[in-house]
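Below: the structure, in structure tokens.
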């Protein structure tokens with residue numbers, strides 16, 4: 001009986017020892033694996049950081065280079081002038097177009113022919129043309145008619161190059177009717 | 001005896017495993033974690049730097065394109081020559097005297113004015129001329145703001161004793177504006 005108990009106890013101890021031995025190996029293996037993983041991760045992160053810092057240095061060097069070149073170009077007079085002119089061109093071209101005085105002189109000559117009026121004096125300033133008109137005919141009726149026709153045409157139609165400013169005074173000088181006339185450019 | 005020895009071996013292994021585990025945890029906490037944080041930060045910095053570099057490169061390309069177009073595009077070159085060049089009295093004189101068939105130029109006065117809202121500068125030029133005929137005066141006025149001139153002027157005012165009945169020589173006063181560029 002005692003021998004059987006002793007044998008049983010020994011067998012139990014052996015089983016326990018075997019279990020403990022198995023568990024220890026698992027525990028140790030897991031520790032080694034974890035340790036290895038941490039080492040690998042650390043090495044990976046270290047190398048990755050080195051590469052990242054290298055790339056950052058290169059990017060910073062590129063940025064400095066670009067900034068220098070940009071500063072140089074931005075201070076270039078031709079480029080400064082180009083940017084300024086490009087923005088202002090529509091306004092400038094509009095002003096030049098509106099100041100084509102040679103066209104207005106020709107138009108005045110056409111008006112003179114059309115209405116048989118004589119113009120004397122010419123002044124152009126700030127998109128306004130001023131002159132004196134003389135209607136000289138022996139028959140007063142015809143002379144007044146010419147003036148009236150001019151004023152009527154410029155009041156009724158709005159397709160003309162000029163807009164006739166108000167005519168406030170027509171003077172009579174025996175043989176001719178004369179009045180100051182001024183036109184503004186049509187918009 | 002054998003059991004005691006095996007127990008001792010097992011305890012030794014457990015001890016080593018525990019020490020290794022502690023070392024692993026310490027290393028992960030103090031070293032690996034710091035490397036990881038640095039990695040995140042460096043990645044963010046690199047992205048920002050790359051974005052900045054890309055923006056600057058785009059801007060540089062735009063300016064380079066402008067520079068090339070200034071040197072190659074005829075219209076751009078002419079626009080700058082007409083409205084964006086330096087204030088040079090010799091160029092002004094060359095342009096005023098550039099086309100004077102039947103025109104005698106008596107006086108010229110040249111004046112620099114101030115900066116305009118569009119950042120260009122304005123110059124004022126007054127010219128007194130004598131023309132043999134009205135048509136020649138007209139031709140000269142056309143020339144002053146034409147593409148043939150090396151400076152394109154805005155004709156601000158013109159005054160002369162116009163007589164539609166005759167075609168005698170005329171004396172005219174002309175006021176011109178010119179645009180130029182100064183830093």
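Can you name every residue in segment B:164-175 that is within 7 Å of another protein chain (Cβ to nearest Cβ) and buried (at least 16 other Cβ atoms within 10 Å of the Cβ)?
In the first step, residues of segment B:164-175 are kept if they are within 7 Å of another protein chain (Cβ to nearest Cβ); the result is B:164-165.
Answer for segment B:164-175, where residues must be within 7 Å of another protein chain (Cβ to nearest Cβ) and buried (at least 16 other Cβ atoms within 10 Å of the Cβ): just B:164.
Does residue A:46 satisfy the criteria of being under 29 Å from residue B:12 (Cβ atoms), without any contact (Cβ under 8 Å) to a residue 24 or more places away in the chain and either within 7 Å of chain B (Cβ to nearest Cβ) or surrounded by 14 or more Cβ atoms within 10 Å (Cβ to Cβ) (or both)?
Details: under 29 Å from residue B:12 (Cβ atoms): no; without any contact (Cβ under 8 Å) to a residue 24 or more places away in the chain: yes; either within 7 Å of chain B (Cβ to nearest Cβ) or surrounded by 14 or more Cβ atoms within 10 Å (Cβ to Cβ) (or both): yes.
Considered against the rule, which asks whether it is under 29 Å from residue B:12 (Cβ atoms), without any contact (Cβ under 8 Å) to a residue 24 or more places away in the chain and either within 7 Å of chain B (Cβ to nearest Cβ) or surrounded by 14 or more Cβ atoms within 10 Å (Cβ to Cβ) (or both), residue A:46 comes out as no.
Hey, any hits in segment A:81-91 for a residue that's more than 30 Å from residue B:117 (Cα to Cα) and within 43 Å of the chain's Cα centre (by Cα)? It would help to see each step written out before you state the result.
Here is the first cut: in segment A:81-91, the residues more than 30 Å from residue B:117 (Cα to Cα) are none.
No, there is no match, as no residue in segment A:81-91 is more than 30 Å from residue B:117 (Cα to Cα) and within 43 Å of the chain's Cα centre (by Cα).
Please pick out the residue among A:29, A:131 that is modelled with pLDDT under 95 and surrounded by 14 or more Cβ atoms within 10 Å (Cβ to Cβ). Write out each step before concluding.
Values: A:29 fails: surrounded by 14 or more Cβ atoms within 10 Å (Cβ to Cβ).
Unique residue meeting the criteria: A:131.
Restricting the search to segment A:66-80, which residues are surrounded by 14 or more Cβ atoms within 10 Å (Cβ to Cβ) and either touching a strand residue (DSSP E or B) at 6+ places or on another chain (Cβ under 9 Å) or under 16 Å from residue B:64 (Cβ atoms) (or both)? Lay out the reasoning, then the answer.
Of all residues in segment A:66-80, those surrounded by 14 or more Cβ atoms within 10 Å (Cβ to Cβ) come to A:66-67, A:69-70, A:73, A:76-80.
A:66, A:67, A:69, A:70, A:73, A:76, A:78, A:79, A:80 - these are the residues of segment A:66-80 that are surrounded by 14 or more Cβ atoms within 10 Å (Cβ to Cβ) and either touching a strand residue (DSSP E or B) at 6+ places or on another chain (Cβ under 9 Å) or under 16 Å from residue B:64 (Cβ atoms) (or both).
Those residues that are within 19 Å of residue B:179 (Cβ to Cβ), more than 8 Å from chain A (Cβ to nearest Cβ) and without any contact (Cβ under 8 Å) to a residue 60 or more places away in the chain, I need them from segment B:131-148; list them, please.
Correct list: B:143, B:144, B:146, B:148.
Among the candidates B:47, B:62, which residue alone is more than 9 Å from chain A (Cβ to nearest Cβ) and within 30 Å of residue B:120 (Cα to Cα)? Working first, answer last.
On the way: B:47 fails: within 30 Å of residue B:120 (Cα to Cα).
Criteria check complete, one pass: B:62.
Is it the case that residue B:40 is more than 9 Å from every other protein chain (Cβ to nearest Cβ), free of Cβ contacts under 8 Å to residues at least 40 places away in the same chain and touching a helix residue (DSSP H, G or I) at 6+ places or on another chain (Cβ under 8 Å)? Lay out the reasoning, then the answer.
Values: more than 9 Å from every other protein chain (Cβ to nearest Cβ): yes; free of Cβ contacts under 8 Å to residues at least 40 places away in the same chain: yes; touching a helix residue (DSSP H, G or I) at 6+ places or on another chain (Cβ under 8 Å): no.
Here the answer is no, as residue B:40 does not meet what is asked.
Look through segment B:92-116, keep the residues that are outside any strand (DSSP E or B) and in contact with a helix residue (DSSP H, G or I) (Cβ under 9 Å, 6 or more places away or on another chain), and return whichever of them is modelled with the lowest pLDDT. So that I can check it myself, show each step before the final result.
Our first condition is that a residue be outside any strand (DSSP E or B); within segment B:92-116, this holds for B:92-102, B:116.
Pick out the ones that are also in contact with a helix residue (DSSP H, G or I) (Cβ under 9 Å, 6 or more places away or on another chain) and you get B:95-96, B:98-102, B:116.
Values: B:95: 92, B:96: 92, B:98: 83, B:99: 74, B:100: 69, B:101: 81, B:102: 86, B:116: 83.
Ranking the candidates gives B:100 first.
Which residues, counting only those in segment B:49-63, are surrounded by 12 or more Cβ atoms within 10 Å (Cβ to Cβ) and modelled with pLDDT of 95 or more? It would help to see each step written out before you state the result.
Narrowing segment B:49-63 to residues surrounded by 12 or more Cβ atoms within 10 Å (Cβ to Cβ): B:49-50, B:52-57, B:59-60, B:62-63.
If the condition is that a residue be surrounded by 12 or more Cβ atoms within 10 Å (Cβ to Cβ) and modelled with pLDDT of 95 or more, then B:49, B:50, B:52, B:53, B:54, B:55, B:56, B:57, B:59, B:60 are the ones that fit.
So residue B:152 ticks every box in (1) in a strand (DSSP E or B); (2) farther than 13 Å from residue B:173 by Cα; (3) at pLDDT 90 or above but one. Which box is left unticked?
Single failed check for residue B:152: (1).
Are any residues in segment A:81-90 surrounded by 14 or more Cβ atoms within 10 Å (Cβ to Cβ) and facing chain B (nearest Cβ under 7 Å), and if so, which ones? Talk me through it step by step, then tell me what you get.
Initial filter on segment A:81-90 (surrounded by 14 or more Cβ atoms within 10 Å (Cβ to Cβ)): A:81-86, A:88-89.
Scanning segment A:81-90 gives A:81, A:82, A:84, A:85, A:88, A:89.
Here's the yes/no breakdown for (1) farther than 26 Å from residue A:122 by Cα; (2) within 22 Å of the chain's Cα centre (by Cα); (3) surrounded by fewer than 15 Cβ atoms within 10 Å (Cβ to Cβ):
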residue	(1), (2), (3)
B:77	yes, yes, no
B:82	yes, yes, no
B:94	yes, no, yes
B:107	no, no, yes
B:127	no, no, no
B:132	no, no, no
B:145	no, no, no
B:155	no, no, no
B:161	no, no, yes
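The values are calculated or read from the model by the stated rules, or taken from the named source; none is laboratory data. In this text, all values refer to a predicted model and were calculated from it rather than measured experimentally. Note that each Cβ is placed from the backbone with ideal geometry, even for glycine, and that neighbours are counted across all protein chains shown.
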